[in-house]
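*Asks:* Below: one structure in structure tokens.
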Amino acid sequence: MNKNTKVLALKYRPQTFNDLIGQDVVAETISNSIKANKVPNAYLFTGIRGIGKTTTARIVAKSLNCSNGIDNLCKEELCENCNAISNSNHIDVLEMDAASKTGVDDVRDLIEFSRYGPTTAKYKIFIIFFGCRVGFKKPFKIALFSDCLKVLILLTSRAMQYENILFKRP
């Protein structure tokens, strides 16, 4: 099998806020908050499966950490940070499926990862799927949650929450 092949959903995944379809309000609100340098501690994206929660979280991660800034966000030729985030191998962006990572060692790894500041990017970012039953003793700089089924009330009260809704085209 050819190693250069990608699943279609990943190959054609939106890369910028302009590429998102049906999430104009969410994209504009987040983009304006980043431009105004008023970034909340956490974003909480909710909605049904396949609506673009994780895609939106990755675009936010890129927008916050892009070397060119939010106004000149990478489109074709990606900077080092955007390329690493797109390939899911950025050292300062952790994507975690909390539904399957429920062991003590997984929680220890998450806490250990949160102890230190970012190494190569401006922000250290957590993208956590299906909520997480982890208590943080120290406040973290930024976190992106992609579903709120079982997220602690403490975290939801401190997060900027966006309900991702599928809009029909006119």
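The values are calculated or read from the model by the stated rules, or taken from the named source; none is laboratory data. Given the structure is predicted, the values throughout are model-derived calculations rather than measurements. In this analysis, Cβ positions are derived from the backbone assuming ideal geometry, glycine residues included, and neighbour counts consider all displayed protein chains. Just the protein is used for accessible areas: all its heavy atoms, side chains included, with ligands, DNA and RNA removed. Shrake-Rupley method; radii C 1.70, N 1.55, O 1.52, S 1.80 Å.
*Asks:* Heavy atoms of the protein only, probe of 1.4 Å, neighbouring chains included. What is the accessible area of residue 6 in Å², nearest 10?
*Replies:* Rounded to the nearest 10, that gives 120 Å².
*Asks:* A follow-up question, please. Find the eigenvalues of the gyration tensor of the Cα atoms of the range 1-130, then list the square roots of 5 times those eigenvalues as equivalent ellipsoid semi-axes, largest first, in whole angstrom.
*Replies:* That gives 22, 19, 17 Å for the three semi-axes.
*Asks:* While we're on this one: Assuming 0.36 nm per residue, please report the length gained on full extension of the stretch residue 18 to residue 77 beyond their Cα-Cα distance.
*Replies:* My answer for the length gained is 19.6 nm.
*Asks:* Nearest 20 debye, what's the magnitude of the dipole of the range 1-46 about its Cα centre given +1 on Lys and Arg Cβ and -1 on Asp and Glu Cβ?
*Replies:* Using Cβ point charges on Lys, Arg, Asp and Glu, the range 1-46 gives about 300 debye.
*Asks:* If you don't mind, another one. How far apart, in nm, are the 7 Å Cα→Cβ label points at residue 160 and residue 35?
*Replies:* 1.3 nm
*Asks:* Another one. Carbon and sulfur together cover what percent of the accessible area of the range 1-96 at a 1.4 Å probe radius?
*Replies:* Carbon plus sulfur share of accessible area: 47 percent.
*Asks:* Another question, then. Skip the ligands, DNA and RNA, and give the accessible area per residue of the range 45-128 with a 1.4 Å probe, whole Å².
*Replies:* For the range 45-128, the solvent-accessible area averages 53 Å² per residue.
*Asks:* What accessible area, in Å² to the nearest ten, does a 1.4 Å probe give for residue 113?
*Replies:* About 50 Å², ignoring ligands and nucleic acids.
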